[in-house]
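Here the structure is laid out as structure tokens; the discussion comes afterwards.
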Amino acid sequence: YSIIALFFILFSLVRFEIRETPVFDLLVILLNAFIVTIVFQIMLSADPTLLNTPTLVGNIALNAGISFLFLIFTNRARLSVTISNIILFGFTFIDYMVISFRGSEIKFSDIYSIRTAASVVGQYYVKLTTRVNYSLFVFFAILFVLWVTKITHKSKRNQLPRITGALCLGISLFTVSWCMNNSTNYMQLWATDGVKYNGLTYNFLIEARD
């Protein structure tokens, strides 16, 4: 914890100033999508190396697509990444709790029983493993770096980030569709193997499709 505290202190003292451009937005969102894909796999005790190339690309494209979607509305990459990361981390933590409670991953059909789940969740105790603690650190580190870094924005009338978000969202959706048709997806509906071989968000999308 001392090393973690030292990291935050040192980074807050070394201020970076970056000018926001479409290339910057693209790099930040793609790099973040790659990091959260790997980290959330580790958080769920899944080996990231089990993801084949199309599946890994599909997960990154799907996670990046969420950020691109918010970029259309917010016109700011930093805010978009922050919102998408909170949503993705929340979804991953819910899946972690579901696996801890019943030994299986969250399913699309669980949406219909969300009220029942909410009423009994207080009866269970969730133990935070070392993997979860490290994932929490990376999650907050990403947000910390994003918001400590000084980013110079152009005029509020500049719609280029929104245009970039719309174009990249289309590319992300096409990539996800292509990957779903060209990757060997391993589905086991009552075990954690689906997340291990497909990734969390990608596996949830596949289960919803099927």
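The values are calculated or read from the model by the stated rules, or taken from the named source; none is laboratory data. Fair warning: this is a prediction, and the values are worked out from it, not measured in the lab. For accessibility, only protein heavy atoms count, side chains too; no ligands or nucleic acids. Shrake-Rupley method; radii C 1.70, N 1.55, O 1.52, S 1.80 Å.
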How much length is gained on full extension from Phe174 to Thr21, taking 0.36 nm per residue of separation minus their Cα-Cα distance?
52.7 nm
From largest accessible area down, sort Arg76, Arg162; use a 1.4 Å probe on the protein chains.
Arg162, Arg76
